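Working notes for the structure below.
What follows draws every value from the coordinates through simple rules; no lab data is involved. Here the structure is a predicted model, which is why all the values come from computation and not from measurement. Reconstructed Cβ throughout: ideal geometry from the backbone, glycine too, with neighbour counts over all protein chains shown.
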Amino acid sequence: MNYSRISMMLAFLGFFILVGLKTIRQKPHNLSSLSISNKNNRLLILGKPINNSSLKTNKDIKQNDPSIHNNWGINGTHSTSAWNEITKGSRKVIVAVIDTGIDTQHPDLKKNLWVNKGETGLDNNGRNKSFNGIDDDKNGYIDDVHGWDFVYNKPIKSDKHGHGTHVSGIIGAVGNNGIGISGISPQVSLMALNYYNTTSTDSSKNLSNTVKAIYYAINNGAAIINYSGGGPDANPKEFAAIKKAFNKGVLFVSAAGNKRPKDKVGSYYPADYSLPNIISVTAINQNNNVLNTSNFNESRVDIAAPGGNIYSTLPNGQYGFMTGTSQATPFVSGVAALIKAKYPDFSPQQIKKQLTTTGDLKLQKLKNKTKNRTVLNTYRALSTLANNVSANGAFLVNNRQQFDSTKKKDSTTIQSGIPSSVNQLTDFLKTSK
């Protein structure tokens, strides 16, 4: 069996809109640089061009982040009420973003970057540990202050693609700092891990890098892993890594995947693995309709979250809009981080239960689309304990503690489609308008 996968083309392949202080610029993506020829390779999740004029603003947001109103998902998930009344999160909670990296110099992200304390300060020779060329903390990686670039095997400092920076801003752009926006978790620690090679045609390496990144996150204290990507093939090494994450108490939030409207049904991994620490996320627009380019399945997809026309951080201090399950996934990761901040003892199952059973439930528009027809609701996830969950994070069944059990998930009806060529990718962008 060929277990290689295209590692996800992420929500803005094609092009995205960069929004500056005074102008809106449309920046095309160089599709000719992409090689998408093997359907068994992993695909970065696709999105579509964004029409800025269709966006609604949130006038009632009372943060001092000047552009927070551009992200309708903040009010759509009732997040400001949760921040004001319950918690703004904690930098003790580490969210690993396995993606294309993070712009570590972005002014709206720097304060919320994870810092490896073992690689800071001075060594015995008076040199700065962050760039002394020594693995000071003996974790197998040299000078990994904010994370690791598994493509170039070096400390991560930038994001050459942009997708990872956008995802990271949704999770944890610094809140109430007077600039830009706020993430769903205004205070958090973002661990930057790059697995995606934007230039290589050997995309099987992206899967190998994913596995390495998962183990790095586990071994370096991540409580939550955000993975906005995937593909049609399962892989035993990836499965084993996520299972190890479960055994170590790490939640894995995964995109349900994007599709072309006429694509055949199929599975999508890692979201499809039958593991209790995985949350599969589909994307909705402002009217609670699942995007016509998003995968859905009533027995497999756990929750829906904002994913259409989402405004967030981009490299070089920029901001812009992207669309897709890539954007919906970090909304869920951000709320998971808030739950972990309020309830530090919660296991992955408890956090998952909080997210999926306290949201906006039984929405008719989500019938046959997600398990509980649930849309993410930050305030309810933090203010209401799910049934049979105690405040210390234990499941209570007949007054006994017991772990949640998850039956094998049926993925046979998930909508999925993987472009096998640049021409198909171009067609996708045309048909998804």
- State, to one decimal in nm, how far the label point of V115 lies from the label point of N128, with both points 7 Å from Cα in the Cβ direction. 1.3
- Roughly how big is region 94-204's charge dipole about its Cα centre, with Cβ charges of +1 (Lys, Arg) and -1 (Asp, Glu), in debye to the nearest 20? 240
- Amide H partners (placed H, <5 Å) of Y319, local residues excluded: V19, L314
- Of the cross-linked pairs K92/K352; K110/K243; K340/K371; K88/K259; K205/K259, which ones have a Cα-Cα span greater than 26 Å in the structure shown? K110/K243; K88/K259
- Message: Going by Cα centres, region 171-250 and region 318-333 are how many Å apart?
- Response: 14
- Normalised Cα Rg of region 188-229, dividing by 2.2 N^0.38 Å with N its residue count, works out at 1.23
